[in-house]
Every structure is written in C-alpha cells, then in structure tokens.
Amino acid sequence: MSRVLYGWLMAVNAAAALLVALDKVQARHGGRRVPERVLLLFGALGGAPLMLAAMLLCHHKTRKPKFMLTLPLFLLLWAAGVYLFAVYF
C-alpha cells in the first residue's frame, strides 16, 4: 500500500475516533456536540474502522441505525478499495 494512502488512513482513523470520544464527552456534560454529518463524513473518508470501534467501546450512537448500518458499509467499501488498489497497483 502506498505510504500516502497508509498515512491518510492512519490520520483519518485517529481523527474519527477522537471525534467520537469528544462527542461522547460533550453529550455527557451538555456541551456543544459534533454534528452527525461530520461524524459520518469522517467514516466515509476512511475512518470507519476506528470510529466503529470507538463507538462500541464508548457505547455512543450504537442505537442509531444511521451509524450502525452506514459505518460497516463504509468499512467494507474501503476494504474492497484498498484490496483492489493493492492488487492492481
């Protein structure tokens, strides 16, 4: 896998997990929340694996079908894309 793609996936996964943790803390303390659109965007950009793990560990947004259906879909799409990239490039 190219270093650029690897670096991108590492950075976006870390940011996605931090956003989930931040949103959970803000939800508990009544602070300003991270919009769902932003969370889903980070999942779509490649952060689905750690975002899904963080959601399950923090018990955050696990009852929302929007997240529990789309994040695994994003994960599968990215896995297929990375596989195809590795095979053909």
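So if R0 is 35 Å, what FRET efficiency would Ala86 and His59 give, r being the distance between their Cβ atoms, rounded to the nearest 0.05? Numbers along the way, then the final one.
Details: r = 34 Å, r/R0 = 0.97.
My answer for the efficiency is 0.55.
Helix 3-29 axis versus longest C-alpha principal axis of the chain: approximately 10°, rounded to the nearest ten.
Could you give the Stokes-Einstein D for the chain in µm² per second, using the C-alpha Kirkwood radius, 20 °C, 1.002 mPa s?
Details: Rh = 13.4 Å.
For these conditions, the coefficient is 160 µm²/s.
Probing with 1.4 Å while keeping every protein chain in the model, the per residue accessible area of the chain equals 68 Å². The modelled label-to-label distance for the pair Ser2/Leu22, using points 7 Å beyond Cα in the direction of Cβ, is 2.8 nm. Computed over protein heavy atoms with a 1.4 Å probe, the carbon and sulfur contribution to the accessible area of the chain reaches 71%.
The values are calculated or read from the model by the stated rules, or taken from the named source; none is laboratory data. This one's a predicted model, so the numbers in the text were calculated from it and none came from an experiment. Using ideal geometry, Cβ is built from the backbone for each residue, glycine included, and neighbour counts are taken over all protein chains shown. With ligands, DNA and RNA removed, areas are computed over all heavy atoms of the protein, side chains included. Shrake-Rupley method; radii C 1.70, N 1.55, O 1.52, S 1.80 Å.
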